[in-house]
Amino acid sequence: MRKVFGIGETVLDIVFRNGQPEAAVPGGSTFNSMITLGRCGIDATLLSEVGNDRVGSMIKDFMVKNGVHTEQINTLQAKSPVSLAFLNDRNEAEYSFYRDKLEEHPDFVHPELEPDDIVLFGSFYALNPVTRPQLKGFLEYARERGALFYYDVNFRPSHIKDLGNIGGNLWENFEYADIIRGSRDDFHTLFKLEDVDEVYRDKIASYSRHFIYTRGSDPLSVRGANGFGKEYPVAPIRTVSTIGAGDSFNAGFIFGMVRYGITKEMISRGLSETLWDRLVECAQSFSADCCQSRYNYVTPEFGARVGKDIEK
């Protein structure tokens, strides 16, 4: 089976509703995606860090329970990060982060990686100058071995003050990516742009020809090689929480790439409309399942059901 590798931070998400804590669950953007993939039977490995505390042990135990490999998890002499997520009346979250500041992070031991294995990276972790050397070292290693890269921009407004120091890392991430996903909020925050074709033409196409542009509950857009473009409606659902919705979308799209045998060569040639339809449908179904629970990932029941497609 093809392997999926994610690189990103881990945190403990404490979720508040109406000013009161409702749940405490392991989280982190890439972490959430990898938990979803593990629940769906994908060979999933996370490269990340935890603190040497009870929260760090809990996060690693949670990964093992959900089928995600922990061999590339570094344990730091620090406290594990904590995130407070405050849900509004639309079940959208506003975040506050609490973490120890470390000047240096240990290198990762690079795992065995084969051509067309998939690498997921994104969010501020992929831009942060503090973790950049470790991340870039792994991306270079993976590129040399023919990996397929999926990059989720996931840029929060709280980091706009750092843009002067990390802007070069953003363009470099675009260069690595075979597929780029970003939200309307990401590109408005970064560039004050919202029109998908303007974003694609001016910011994406010279780096990657394959672009997924999401707008929450509004239709999402795909722009691809050979002039492909299509809009996809988002089916209305009753949400419990949108935390992890985008992460589950990413996991669903990657699951689809494994399920339908999407290779780096196929990406370079350009995907057919039928394949785009299948991949987006898969991604949307994962996101919808996540939004209907209070957790950051698809439910175990959903994972067991769709995982049967991989077993076949």
### Query
Assuming SER33 fulfils every condition listed in (1) closer than 18 Å to THR242 by Cα; (2) touching a helix residue (DSSP H, G or I) at 6+ places or on another chain (Cβ under 6 Å); (3) not in a helix (DSSP H, G or I) apart from one, which condition is it?
(3)
### Message
Return the pair list, or none, for Cβ contacts closer than 8 Å from residues in segment 289-310 that are more than 19 Å from ALA23 (Cβ to Cβ) to residues that are among the basic types (Lys, Arg) and surrounded by fewer than 21 Cβ atoms within 10 Å (Cβ to Cβ), at least 6 apart or on different chains.
### Response
ASP309/ARG259; ILE310/ARG259
### Query
Is it the case that some residue within segment 139-159 is closer than 17 Å to ILE267 by Cα, of a type in the set (Gly, Ala, Ser) and either touching a Ser or Thr at 6+ places or on another chain (Cβ under 7 Å) or part of a helix (DSSP H, G or I) (or both)?
yes
### Query
Between residues in segment 128-150 that are surrounded by fewer than 21 Cβ atoms within 10 Å (Cβ to Cβ) and residues that are modelled with pLDDT under 95 and in a helix (DSSP H, G or I), which pairs lie under 6 Å by C-beta distance while being six or more apart or on different chains?
THR131/TYR125
### Query
Within segment 282-294, is there a residue that is surrounded by 20 or more Cβ atoms within 10 Å (Cβ to Cβ), under 30 Å from ASP89 (Cβ atoms), at pLDDT 95 or above and hydroxyl-bearing (Ser, Thr, Tyr)?
yes
### Task
Please indicate, with yes or no, whether at least one residue in segment 78-86 is within 21 Å of the chain's Cα centre (by Cα), modelled with pLDDT of 90 or more and under 30 Å from MET1 (Cβ atoms).
no
### Message
Can you say whether SER57 is surrounded by fewer than 17 Cβ atoms within 10 Å (Cβ to Cβ), in a helix (DSSP H, G or I) and of a type in the set (Gly, Ala, Ser), as far as the supplied structure shows?
### Response
yes
### Query
Restricting the search to segment 65-87, which residues are farther than 10 Å from ARG99 by Cβ, not aromatic (Phe, Trp, Tyr) and not in a loop (DSSP other than H, G, I, E, B)?
LYS65, VAL68, HIS69, ILE73, ASN74, THR75, LEU76, LEU84, ALA85, LEU87
### Task
Given the conditions (1) surrounded by fewer than 17 Cβ atoms within 10 Å (Cβ to Cβ); (2) at pLDDT 90 or above, report the number of the one that GLY122 does not fulfil.
(1)
### Query
Hey, among the residues in segment 1-54 that are acidic (Asp, Glu), touching a residue at least 60 places away in the same chain (Cβ under 8 Å) and surrounded by 21 or more Cβ atoms within 10 Å (Cβ to Cβ), which one's nearest to TYR125 (Cα to Cα)?
GLU9
### Query
Here are PHE228, PHE211, PHE249: which of them is over 22 Å from TYR95 (Cα atoms), crowded, with 16+ Cβ neighbours inside 10 Å and touching a strand residue (DSSP E or B) at 6+ places or on another chain (Cβ under 8 Å)?
PHE211
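Yes/no matrix, rows are residues, columns are (1) touching a helix residue (DSSP H, G or I) at 6+ places or on another chain (Cβ under 9 Å); (2) modelled with pLDDT of 95 or more:
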{"site": "ARG201", "(1), (2)": "no, yes"}
{"site": "ILE204", "(1), (2)": "yes, yes"}
{"site": "PRO219", "(1), (2)": "no, yes"}
{"site": "ASN226", "(1), (2)": "yes, no"}
### Task
Can you confirm whether segment 98-120 contains a residue that is under 28 Å from GLU22 (Cβ atoms), touching a helix residue (DSSP H, G or I) at 6+ places or on another chain (Cβ under 7 Å) and either in a loop (DSSP other than H, G, I, E, B) or in contact (Cβ under 8 Å) with a residue 12 or more places away in the chain (or both)?
yes
### Query
Does at least one position in segment 100-111 carry a residue that is buried (at least 16 other Cβ atoms within 10 Å of the Cβ), hydrophobic (A, V, I, L, M, F, W, C) and under 18 Å from the mean Cα position of the chain (by Cα)?
no
### Query
Does THR274 fit the bill of being part of a strand (DSSP E or B) and either on the phi > 0 side of the Ramachandran plot or of a type in the set (Val, Ile, Thr) (or both)?
no
## Note on the structure
Flagged pairs (Cβ under 7 angstrom, 6 or more apart or on separate chains; first in segment 73-93, closer than 30 Å to PRO111 by Cα; second modelled with pLDDT of 90 or more and small (Gly, Ala, Ser)) are ILE73/SER48; THR75/GLY56; LEU76/GLY51; ALA78/GLY51; LYS79/GLY51; SER80/GLY51; SER80/GLY56; SER83/GLY27
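The values are calculated or read from the model by the stated rules, or taken from the named source; none is laboratory data. Because the structure is a prediction, the values reported are computed rather than measured. Counting neighbours? That spans all protein chains shown, and the Cβs are built from the backbone with ideal geometry, glycine included.
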